[in-house]
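For reference, the structure is listed below as structure tokens.
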Amino acid sequence: MGLHPDVFESLTPAEFSYAWLGWAKRERDRERQDWERERWSVWVLTSIQLERKDRKPMVEMFPMPWDNVPSNNMMTLEERQKRVKQMMQCVKK
């Protein structure tokens, strides 16, 4: 994550968790950009060799796992409360 040891030691567990989540998202985004760039370059090189009628959209020729993922996966308040109750029941056992 690139944290200086003094900064790391001063973080609370919650602050560290948020810092790690932000860092992990940035790394996932960077990796996705790399794959998107590679997919685009391969698609261009493939498309120039095909006749126009045989060309397909980039996402159809070279699908990626994130192409069909719904973008809104936020839980509602009720879903979060239900999930917390389930977790609390597991802890009590």
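For this structure, a couple of remarks:
- Pairs linking a residue in region 9-28 that is without any contact (Cβ under 8 Å) to a residue 40 or more places away in the chain to a residue that is not β-branched (Val, Ile, Thr), with Cβ atoms under 6 Å and 6 or more positions apart or on different chains, are TRP23/MET1.
Condition check ((1) surrounded by 11 or more Cβ atoms within 10 Å (Cβ to Cβ); (2) in a loop (DSSP other than H, G, I, E, B)) across all residues:
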| residue | (1), (2) |
| --- | --- |
| TRP20 | yes, no |
| TRP23 | yes, no |
| ARG39 | yes, no |
| LEU45 | no, no |
| GLU60 | no, no |
| MET64 | yes, yes |
| MET74 | no, yes |
| GLN89 | no, no |
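- Every residue from region 2-18 that is surrounded by 10 or more Cβ atoms within 10 Å (Cβ to Cβ) and part of a helix (DSSP H, G or I): VAL7, PHE8, SER10, GLU15, PHE16, SER17, TYR18
Read-outs throughout are calculated quantities, based only on the coordinates presented, and are distinct from any laboratory measurement. Remember, it's a predicted structure, so these values are computed and weren't measured experimentally. Glycine also receives a Cβ, built like all others from the backbone with ideal geometry; neighbour counts cover every protein chain displayed.
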